[in-house]
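Student: Sharing a structure, written as structure tokens. Questions coming.
The values are calculated or read from the model by the stated rules, or taken from the named source; none is laboratory data. Nothing here was measured: the structure is a model prediction, and the numbers come from that model. Here Cβ is always computed from backbone atoms with ideal geometry, including for glycine, and neighbour counts include all displayed protein chains. These accessible areas exclude ligands, DNA and RNA; they are computed on the full protein's heavy atoms, side chains included. Shrake-Rupley method; radii C 1.70, N 1.55, O 1.52, S 1.80 Å.
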Amino acid sequence: MSKRIDVTNLNVYYGKFRAVEDVTMTIEPRAVTAFIGPSGCGKSTFLRTLNRMHEVIPNAYVEGEVLMDGENLYGTGVDPVRVRRQIGMVFQRPNPFPTMSIKENVLAGITLNARRLSTKEKDEIVERSLRGANLWEEVKNRLGLPGSGLSGGQQQRLCIARAIAMQPDVILMDEPCSALDPISTLAIEDLIQELKQTYTVVIVTHNMQQAARVSDTTAFFNIAGTGSPGKLIEMGSTEKIFSTPDVKATEDYISGRFG
Amino acid sequence: MTSTTQAAEASSPPATSLQGKPRPGDRNFAATALGAGIFILVILAAVTAFLLIQGVPGMLADPADAPTTLGQSANFWDYVWPLAFGTIWASILALLFAVPLSIGIALFISHYAHRSLASVLGYIIDLLAAVPSVVYGLWGSTVFAKAVVPIYAWLNANLGWIPLFGGQVSVTGRTILTAAMVLAVMVLPIITAICREVFLQTPKLHEEAALALGATRWEMIRMAVLPFARPGIISGAMLGLGRALGETMAVAMVLSATGVVTIQLLTSTNPSTIPANIALKFGEAGYGLNVNVLIGTGLVLFVVTFGVNALARWIVSRRSEFSGAN
Ligand SMILES: Nc1ncnc2c1ncn2[C@@H]1O[C@H](COP(=O)(O)OP(=O)(O)OP(=O)(O)O)[C@@H](O)[C@H]1O
Ligand SMILES: [Mg+2]
């Protein structure tokens, strides 16, 4: 299930503007990789290129290579829709579909595969996914109610359940806790620890403690100034990045002496 | 202004510095808004009063007192029923054509077309709304009606066993189906414009949620855009329906009406509609209770329109807990 991602010389452009320059990195399977860096350095942009979600934005394109277990996501004939079914994404703000019930939300991706599922299979998927997102106990008695009636933290876990219902290989999370209170944040962090048993997890965060708590590997991105592209400055085991980074800028950023 | 403020500051003790005076801008705005709200209610009340005072005598009239209108009917209800049926029937048919087409055009503009093409298309649709209804009437009765005659003949010959397409096919093409299609063209712009607006307002968040699950563009539209836009689509359709129900000139010019109640779409015996009937009869109705009868039919139309709007509101509110409001 869990797959490794190799990125080679990746550049990301919004029209003429180069937002991310020349990133080369390896994202290990069964581990959590955290992206940190100042605002605007291209963390979200880069993350979205890992499941081709940047293509939703007009004029955005990439140069370079992204291999998932050796298969180029940008190879000719590769369907971005298929890529996204294997690489799930969780967004900064919880976004359950407001017109769907909790159960329908969990099944939203599955039903896209057009395969007819029996009620029993559906119920199993719903329970497994909600359990996987540590949400089952809280919602098992109100699966038919709208997903938007849950608290922010529950909604975010619902979105995670929706993503893992697809049984993806990789889960990308863009600041999944930034709209949540500390308790919900802890619940999600615990969940991330469990998810990495099964999936490759990539998380963007502005919270240094969070990166230190949940990740095995940390990648630091930076920009020279506004208008210049973001670059990968340093990447290594979280322990090393947070104690003895090789680059001065990384140390400055982590210790809060940034800018 | 400045000097009074300074004077006020100077004279007021610091203990009351948090107390504020109502600002004139706020007060004026509140008064204007309230006035506008009351004005609308007054207008509505005045129209209702007019319809009731002038219409009710017509509704109770003896056919002998209103020969031009009620001449061939037993009473007012006997007279108004085919008209009310025709009005609703033509309008519903028009919506059946217009709503799917409008949704399609609006989706094309909002989610498929390149931005420059989308704006040109939007502009053209808006232009359609600016064409006066007499022009549609002229076009419908002289050009369009003739053009559809062969199609009607074919439908009648091959699908005549379906009651809708049965009967003796019209040779002029000026049938209720033609009128409904002309109406559809007329209500298309307003429904399209509203659908386009609500489609564009779909939160990016939900569109991206669908796409990130591996939805194709059409699946994304079904999953995120259409459910979100559902109340807006219904409102748009109801606005279109309101216009179709009240449309006068185009129907009066296109439709060859005989005042029957039938669901056959292709024959030359068609129900008329209330507004078209008022326009056609008004000139010769200037004596007795004829005018009151016509106003009475107007009252019926008013009630029908009102009922349609209430129904639409009810549909929109029925699943409001699942609405886009998050
Ligand atoms: N849709 C877009 N069109 C054009 N430029 C964009 C777009 N989205 C982002 N950018 C630009 O790309 C650069 C990187 O943005 P990005 O959102 O990836 O940064 P980030 O590291 O995620 O920041 P934050 O931490 O604030 O989320 C910024 O300069 C931004 O202005
Ligand atoms: Mg970001």
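Student: DSSP loop (so not H, G, I, E, B), at most 12 other Cβ within 10 Å: list which GluC sites (Glu not before Pro) in region A:188-259 pass both filters.
Tutor: none
Student: Right, something else. Keeping all protein chains in position, work out how much accessible area A:Glu65 exposes to a 1.4 Å probe, and write it in Å² to the nearest 10.
Tutor: Accessible area, nearest 10 Å²: 70 Å².
Student: From Cα pairs below 8 angstrom and at least 6 apart in sequence, can you work out the relative contact order of region B:74-210, rounded to a whole percent?
Tutor: 43
Student: Could you name every residue in region A:81-99 that has 20 Å² or more less accessible surface in the full protein assembly than in its own chain alone (probe 1.4 Å, ligands and nucleic acids excluded)?
Tutor: Going by heavy-atom accessible area, the residues of region A:81-99 that drop by at least 20 Å² are A:Val81, A:Arg84, A:Arg85, A:Phe91, A:Arg93, A:Asn95, A:Phe97, A:Pro98, A:Thr99.
Student: Here's a follow-up. May I ask you to derive the relative contact order of chain B, considering only C-alpha pairs under 8 Å and at least 6 residues apart, and to give it as an integer percent?
Tutor: 29
Student: Could you tell me how many degrees, from 0 to 90 and to the nearest 10, lie between the Cα long axis of helix A:152-164 and the main elongation axis, the longest principal axis, of the Cα atoms of chain A?
Tutor: Compared with the principal axis, the helix lies near 90 degrees.
Student: Taking 7 Å along the Cα-to-C-beta vector as the label spot, tell me the B:Asn28-A:Arg30 distance in nanometres, rounded to one decimal.
Tutor: Output for this residue pair reads 7.3 nm.
Student: Let's see if you can work this out: charge +1 on each Lys and Arg Cβ, -1 on each Asp and Glu Cβ, no other charges. What is the dipole magnitude of region B:68-317 about its Cα centre, in debye to the nearest 20?
Tutor: Using Cβ point charges on Lys, Arg, Asp and Glu, region B:68-317 gives about 220 debye.
Student: Also, quick follow-up: Quick check: with the 1.4 Å probe, what order do A:Leu112, B:Leu101 take by accessible area, largest first?
Tutor: The most accessible residue leads, giving B:Leu101, A:Leu112.
Student: Taking only C-alpha pairs under 8 Å that are 6+ residues apart, what is the relative contact order of region B:213-312 in percent?
Tutor: Contact order relative to length: 24 percent.
Student: To the nearest 10 Å², what's B:Leu299's accessible area with a 1.4 Å probe?
Tutor: 20
Student: Chains A and B: buried accessible surface, both sides, probe 1.4 Å, rounded to 100 Å²?
Tutor: Summing both chains' loss of accessible area gives about 2200 Å².
Student: Residues of region B:164-196 with backbone nitrogen within less than 16 Å of a virtual label 7 Å along the Cα-to-Cβ line of B:Lys146, please, listed as ranges.
Tutor: In region B:164-196, the label zone of B:Lys146 (backbone N under 16 Å from the point 7 Å along Cα→Cβ) covers B:171-175.
Student: Indicate the gyration tensor shape class of the protein assembly as shown (rounded, prolate or oblate), computed on the Cα atoms with a ≥ b ≥ c the square roots of the eigenvalues: a/c under 1.5 is rounded; otherwise a/b larger than b/c is prolate and the rest oblate.
Tutor: prolate
Student: On to the next question. How much accessible area per residue does region B:241-326 have, counting only protein heavy atoms and a probe of 1.4 Å, in square angstrom?
Tutor: 46
Student: Given only helices, namely DSSP H runs of n ≥ 4 each adding -39500 (n - 2.57), what is the per-residue ellipticity at 222 nm of chain A, to the nearest 500 deg cm²/dmol?
Tutor: -10000 deg cm²/dmol
Student: I would also like to ask the following. What percent antiparallel are the DSSP beta bridges of the protein assembly as shown, to the nearest 5?
Tutor: Antiparallel: roughly 55 percent of the beta bridges in the protein assembly as shown.
Student: Heavy atoms only, 1.4 Å probe, whole protein assembly: order A:Asp252, B:Asp126 by accessible area, highest first.
Tutor: The ordering from most to least exposed comes out as B:Asp126, A:Asp252.
Student: Given the pairs A:Lys120/A:Lys140; A:Lys103/A:Lys140; A:Lys231/B:Lys204; A:Lys43/A:Lys231; A:Lys3/A:Lys103, which are separated by over 20 angstrom at their Cα positions?
Tutor: As for pairs spanning more than 20 Å Cα to Cα, those are A:Lys231/B:Lys204; A:Lys3/A:Lys103.
Student: Let me ask something else. Just in region A:116-162: which trypsin sites (Lys or Arg not before Pro) are loop by DSSP and have at most 16 other Cβ atoms within 10 Å?
Tutor: A:Arg116, A:Lys140, A:Arg142
Student: Rounded if a/c is under 1.5, else prolate if a/b beats b/c, else oblate: with a ≥ b ≥ c from the C-alpha gyration tensor eigenvalues square-rooted, which is region A:82-201?
Tutor: oblate
Student: Let me check I have the definition right: for region B:68-317, take the eigenvalues of the Cα gyration tensor, multiply each by 5, take square roots. What are those semi-axes in whole Å, largest first?
Tutor: In descending order the semi-axes read 37, 21, 17 Å.
Student: For B:Val135 and A:Lys240, FRET efficiency with R0 = 51 Å and r from the beta-carbon atoms, rounded to 0.05?
Tutor: Given R0 = 51 Å and the Cβ-Cβ separation, E is 0.10.
Student: While we're looking at this one, here's another question. Restrict the search to region A:1-40; then list the trypsin sites (Lys or Arg not before Pro) that DSSP places in a loop and that have at most 12 other Cβ atoms within 10 Å of their Cβ.
Tutor: In loop regions of region A:1-40 (DSSP not H, G, I, E or B), the sparsely surrounded trypsin sites (Lys or Arg not before Pro) are A:Lys16.
Student: To the nearest 10 square angstrom, how much accessible area does B:Ser272 have with a 1.4 angstrom probe?
Tutor: Looks like 10 Å² after rounding.
Student: Would you mind getting the accessible area per residue of chain A, heavy atoms of the protein chains only, 1.4 Å probe, in Å²?
Tutor: Per residue, chain A has 43 Å² of solvent-accessible surface.
Student: Moving to a separate point now. In region B:68-317, what percent of the accessible surface is made up of carbon and sulfur (1.4 Å probe, ligands and nucleic acids excluded)?
Tutor: Roughly 71 percent, rounded to a whole number.
Student: Continuing with the same structure: I'd like the orientation of helix A:182-195 relative to chain A: the angle between its Cα long axis and the longest Cα principal axis, in ° from 0 to 90, rounded to 10.
Tutor: Helix A:182-195 sits roughly 90 degrees off the main axis of chain A.
Student: Taking the 0 to 90 degree range and rounding to the nearest ten, how far is the long axis of helix B:290-318 tilted relative to the main principal axis of chain B, both from C-alpha atoms?
Tutor: Computed tilt is about 50 degrees.
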